[in-house]
Amino acid sequence: MMHLSRWLALVLVVALGAGGASAAPRRAPNKANLEEAQSRYQRGKELYAENDFQASLLEFQRAYELAPSYRLLYNIAQVQYQLQDYAGALRSFQQYLLEGSTELSSQRKDEVQREIDKLQGRVAYLRITVSKPGAEITVDDVSVGISPLPETVLVSAGRRRVVASLPGHLPASRTVDVAGRDTANVALELVSTSAPQQPAAPVAEAPVAKPAAPGSSSEVASTGQRGFPLVPWIATGGLAVASGVTGVLALSASNDLRKQREAFGATRTQLDEASQKTRTLALTSDVLLAATAVAAGVSTFLTLTSQSADSASSPRVQVGVGPGSVGVAGAF
């Protein structure tokens, strides 16, 4: 890639004066803008020589805003390349060819095109969709537009953080890993912070049942067995089944996580999601297991209590046999 030093010898006024012949005609800068642009251009050269590339880039960009010239775009692209902002360098080189198309030689165009071809292998594209229109979308804290985006977003290869923000909604974010020439789909779901709450359904009062006569068929049918706490044991059984199912799911998720760690090409995002799923299922299984143990203890206590009450309330009969007689005594 051609070094920036080949352009540092150019006089800024000459470069800016040639800007009027670019592909996109612009209003000529006034004298004050030209002077400030020249000052910023010189400062950008000094900062570049000191390897302060970020500050140098800002000075070159501000000079281009004050007095646009396609020649400055080459300098900007070179600094962006040094900062490993390959997407920015690619855009600047492409704009350089566009604005300088009528003045650049064929040799110069071919040279820049080779740099563009090289950069194509270091950039990727994001196809970003948001559930709500009008949301501001940023990639690595840099705004790229308002949803819905009309086209894909050009980004440098690597890990990129995409965020969608809309007033009255919680920000939605997602981190993606993209390699050179990839095209990744990024879907963001915005959730309102003031979603209307559904009115609670009126609770109907349960009819009061008349007490059944002791020993009647209705009393036996309602409990299945007189005094046996059926409902607590049903709840205990349900918790035990749920605990077993989540335990199996947690074991399966753990096996999947181990396979992903051993597999080639698994991304950090995939590993994080698999690890989170395993922890969630394991925690859920532990909670359900503890709840099952508590429910079993309560059910056992109720069973023993009901059996004691039944024994105390059941008729007690004693039969006595004496000489020439039989006696019966009991409590009912």
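The values are calculated or read from the model by the stated rules, or taken from the named source; none is laboratory data. Since this is a predicted model, take the numbers as computed values, not measurements. Note: ideal-geometry Cβ built from the backbone for every residue, glycine included; neighbour counts use all protein chains shown. Heads up: the accessible areas ignore ligands, DNA and RNA and are worked out on the full protein's heavy atoms, side chains in. Shrake-Rupley method; radii C 1.70, N 1.55, O 1.52, S 1.80 Å.
Could you state the orientation-averaged shadow area of the convex hull built on the Cα atoms of region 54-144, in nm² to one decimal?
Details: hull surface 29.6 nm².
Quarter of the Cα hull surface area: 7.4 nm².
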Fill in: Anchor LYS259: aspartates and glutamates whose Cα lies under 18 Å away (excluding residues fewer than 8 positions away in-chain)
ASP272, GLU273
Item to complete: Note down, for region 114-193, the three equivalent ellipsoid semi-axes (square root of 5 times each alpha carbon gyration tensor eigenvalue), biggest first, whole angstrom.
Response: 26, 11, 9
Worksheet item: Straight-line reach from LYS118: which lysines have a Cα under 26 Å away, not including same-chain ones fewer than 8 places off?
Response: LYS45, LYS109
Item to complete: Under a cut-off of 17 Å between alpha-carbon atoms, report the aspartates and glutamates in cross-link reach of LYS277, not counting same-chain residues fewer than 8 places apart.
Response: ASP256, ASP286
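If I compute solvent accessible area with a 1.4 Å probe over the protein chains, what percent of it on region 22-151 is carbon and sulfur? Please list the in-between numbers first.
Details: 3170 of 6860 Å².
Percent of accessible area from carbon and sulfur atoms in region 22-151: 46.
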Worksheet entry | Of ALA49, ILE146, TYR81, farthest towards positive along the dipole that unit charges on Lys, Arg, Asp, Glu beta carbons give region 15-149 | ILE146
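Accessible area per residue, 1.4 Å probe, Å², for region 94-136: what's the number? Don't skip to the end; give the middle numbers.
Details: 2320 Å² over 43 residues.
Per-residue accessible area for region 94-136 comes out at 54 Å².
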Practice prompt. Starting from the exponent 0.38 and prefactor 2.2 Å, build the expected Rg for region 32-73 from its residue count and divide its actual Cα Rg by it.
Written response: 1.04
